[in-house]
Amino acid sequence: MSCFSRRQFLSGTVIAGASLAARFPWLANSTEAAQESAGPARVVIDPDRCISTLDRNIFGSFIEHLGRAVYEGIYEPGSKFADSNGFRTDVLKEIKGLGVPIIRYPGGNFVSGYNWLDGVGPKKDRPRVLDRAWDSIETNQFGIDEYATWCRAVGAEPLIGTNFGTGTPETTVALLEYCNVDKGTKWSDLRRAHGYDKPHNIKYWCLGNEMDGPWQIGHIPAIQYGIKARDAARQMREIDPSVKLIACGSSGPFMPTYLEWDQQILEQCYEEVDGISLHRYFGNAEETEGNTARYLSMNLGMDRQIHEIMAVCDVVGGRMKSNKTLWLSFDEWNVWYRQRSGTAVDGQRKVAPHLLEEIYNLEDALVVGGLLNTLIRRSDRVRVACLAQLVNVIAPIMTNENGLFRQTIYYPYAWALQYARGKALEFAVTSPAYEVTVAGRPAARSHESMSVPYLDVAGTIDVENKTVSLFVLNRDLEKARDLELVWHETTPTRVNTCQVLTGSDLKVENGFDAPDRVVPKPLDPPQLGAKMALQLPARSYVLLNLGLA
Ligand code: AHR
């Protein structure tokens, strides 16, 4: 639909929600857009209307052998913070405190040239290897055994990515046998010989990383990947039928083979896998031309991507007459657009070079809040998601030899981890909207505009603890917005917390010199009642946690 005809369509509509949903289905379960004239925003909350029981693994993260994520990030034997394993206790405490449920490892692009055998056994015998993905020196002092030990220490479930680049199904099943078989076989006995008597019991496995990308070591055509994944998956289930296997989906909508790749690989391996991966990085540069109003709408692009990949899965499953529904693993997502070229991505053959050390500002944190809202709303289908990454590399936590600081994006992530619990609520939302040029779509269609609700709302209900959490992004850059909360079947009895992330300068950042420039602040809570009025400051992300009777 052209820009003109789309405007005509909108102007003839008072409450545009339903019609918009038909044209842009990825808006349907999110926030229904309405005309500015349609009055204040409103959300109807009914505790019985739920999208899903939240799989907490949608708030996972990712550590790659890249830059200073592992070395100087989570592992630094020479540091004053190191424990007897060489793990940085300050970082460990931070991640444990956050409660990160699942952590993907060891890559990323790194994994496609990684020989896991280089990273096990006596540390003095481990080779220094040239990592061709990031042109860095990998010392292999941290490998699969250290990762499994570290994961248990931080209380996270491991999620291992396997090498589908230079690796084969044989190297993948050897690693699974090493990790999950108790004893009495070649690889399980090798693990025992290395001092790990108990199996690591790794449940989640990614079958390769971004194998659709020409940049990926060992990139192969879709059908070939699908056959390889099927073969590996069948062998893996022989070793351990309980594993959860994730096929490697498209690297993102920017790929010329987007959706086609997903369809072709699934035609080969649908029955053998449990889920498919999605990746996406957002930025306020070319895609938005630096326009913050567009930037803040980008989580709707994530909604759309989820919707599209779901559709492909269901077409393939339907054509196969399969009884199985695949789930989605959004196992790389974040803001990343500054540190993307030159020495920011080239390790120049150093150990632990400073790569992808993106410093985040307030507007990035608001975008991350919106992306978390999308993941909560799509939790019926997204079962695993990983904020990429966790420490030093496009990360919420940054370290130096004296400690760490929390980046702006840390805070929306910490809120989701702490407060998004129980079931995801299905809301009826009405919000005034603004028009933006469609962000992140191919250039040929960049003239299209779309209507973006000022308020983006997600929420959860924890029936056991009798609490409801609301997460609201106010995309309005100028004005505070009122949101009416209309309660059905229940009325909150107390406000447990009401906080806001906002500020007058959207470009402000935290750093070692000023770690608290951007931190959550208390917000005036709404009056309790069957109808409540919540005021959202301009350009803000708000958390409201309420107790129920
Ligand atoms: O997370 C950084 C990189 O982004 C990963 O190595 C790769 O999978 C993606 O392109």
Might you let me know whether the stretch 66-80 holds any residue that is modelled with pLDDT of 95 or more, assigned to a helix (DSSP H, G or I) and of a type in the set (Val, Ile, Thr)?
no
So which of Arg383, Arg349 ends up being in contact (Cβ under 8 Å) with a residue 40 or more places away in the chain, open to solvent by 10 Å² or more (accessible area, probe 1.4 Å) and within 18 Å of Asp274 (Cβ to Cβ)?
Arg383
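Every residue, every condition in (1) buried (at least 21 other Cβ atoms within 10 Å of the Cβ); (2) among the aromatic types (Phe, Trp, Tyr); (3) closer than 20 Å to Asp212 by Cα; (4) within 16 Å of the ligand (Cβ to nearest atom), yes or no:
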residue	(1), (2), (3), (4)
Ser136	yes, no, no, yes
Thr139	no, no, no, no
Thr149	no, no, no, no
Arg152	no, no, no, no
Glu157	no, no, no, no
Thr162	yes, no, yes, yes
Pro169	no, no, yes, no
Gly184	no, no, no, no
Before we move on, is Asp118 over 19 Å from Gln348 (Cα atoms), touching an Asp or Glu at 6+ places or on another chain (Cβ under 9 Å) and free of Cβ contacts under 8 Å to residues at least 40 places away in the same chain?
yes
Is it true that some residue in the stretch 208-216 is within 16 Å of the ligand (Cβ to nearest atom), open to solvent by 50 Å² or more (accessible area, probe 1.4 Å) and assigned to a loop (DSSP other than H, G, I, E, B)?
yes
If I ask for residues that are on the phi < 0 side of the Ramachandran plot and either crowded, with 16+ Cβ neighbours inside 10 Å or within 13 Å of the ligand (Cβ to nearest atom) (or both), which ones from the stretch 236-252 would you list?
Met236, Ile239, Asp240, Val243, Lys244, Leu245, Ile246, Ala247, Cys248, Gly249, Ser250, Ser251
Out of (1) in contact with a strand residue (DSSP E or B) (Cβ under 8 Å, 6 or more places away or on another chain); (2) open to solvent by 10 Å² or more (accessible area, probe 1.4 Å); (3) within 16 Å of the ligand (Cβ to nearest atom), the one Gly301 does not meet is (3)
Whichever residue in the stretch 257-285 is among the aromatic types (Phe, Trp, Tyr) and either outside any helix (DSSP H, G or I) or modelled with pLDDT under 95 (or both) and, among such residues, is farthest from Leu362 (Cα to Cα):
Tyr258
Looking at (1) more than 22 Å from Cys248 (Cβ to Cβ); (2) in contact with a strand residue (DSSP E or B) (Cβ under 6 Å, 6 or more places away or on another chain); (3) within 16 Å of the ligand (Cβ to nearest atom), which one does Arg128 not meet, given that it meets all the others?
(3)
Restricting to the stretch 250-274, give me the number of residues that are in contact (Cβ under 8 Å) with a residue 60 or more places away in the chain and under 13 Å from Val312 (Cβ atoms).
2
Any residue in the stretch 283-290 that is more than 16 Å from the ligand (Cβ to nearest atom), under 22 Å from Arg539 (Cβ atoms) and in contact with a Ser or Thr (Cβ under 8 Å, 6 or more places away or on another chain)?
yes
Residues of the stretch 382-428 classified as away from the ligand (no atom under 16 Å from the Cβ) and under 14 Å from the mean Cα position of the chain (by Cα), total:
7
Name the pairs: first residue in the stretch 90-108 and more than 12 Å from Leu387 (Cα to Cα) and within 16 Å of the ligand (Cβ to nearest atom), second residue aliphatic (A, V, I, L, M) and assigned to a helix (DSSP H, G or I), Cβ to Cβ under 7 Å, at least 6 apart or on different chains?
none
Condition check for Arg68: over 21 Å from Lys244 (Cβ atoms) and within 16 Å of the ligand (Cβ to nearest atom):
yes
Just one of Leu366, Leu356, Leu371 is away from the ligand (no atom under 16 Å from the Cβ), buried (at least 18 other Cβ atoms within 10 Å of the Cβ) and of a type outside the set (Lys, Arg); which is it?
Leu366
Among the residues of the stretch 309-326, is any closer than 30 Å to Val452 by Cα and of a type in the set (Gly, Ala, Ser)?
yes
More than 14 Å from the ligand (Cβ to nearest atom), in a helix (DSSP H, G or I) and under 25 Å from Trp150 (Cα atoms), is that true of Asp189?
yes
Which numbered condition Glu448 misses (of (1) at pLDDT below 95; (2) buried (at least 17 other Cβ atoms within 10 Å of the Cβ))
(2)
Residue match in the stretch 222-231 (condition: assigned to a loop (DSSP other than H, G, I, E, B) and either within 16 Å of the ligand (Cβ to nearest atom) or within 23 Å of the chain's Cα centre (by Cα) (or both))
no
Test Leu117 against the stated conditions and say whether it is touching a Ser or Thr at 6+ places or on another chain (Cβ under 9 Å), open to solvent by 20 Å² or more (accessible area, probe 1.4 Å) and part of a helix (DSSP H, G or I).
yes
In the stretch 466-523, which residues are in a strand (DSSP E or B), of a type outside the set (A, V, I, L, M, F, W, C) and open to solvent by 30 Å² or more (accessible area, probe 1.4 Å)?
Asp482, Glu484, Thr493, Arg494, Asn496, Gln499, Glu509, Lys521, Pro522
Leu534: within 29 Å of the chain's Cα centre (by Cα) and part of a strand (DSSP E or B), yes or no?
yes
Could you please find all residues in the stretch 77-114 being basic (Lys, Arg) and surrounded by fewer than 21 Cβ atoms within 10 Å (Cβ to Cβ)?
Lys80, Lys93, Lys96
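The values are calculated or read from the model by the stated rules, or taken from the named source; none is laboratory data. As the structure is a computational prediction, the values presented were derived from the model and not from experiment. Every residue, glycine among them, receives a Cβ derived from its backbone with ideal geometry; neighbour counts consider all protein chains shown. Calculation scope for accessible area: heavy atoms of the full protein, side chains included, ligands and nucleic acids excluded. Shrake-Rupley method; radii C 1.70, N 1.55, O 1.52, S 1.80 Å.
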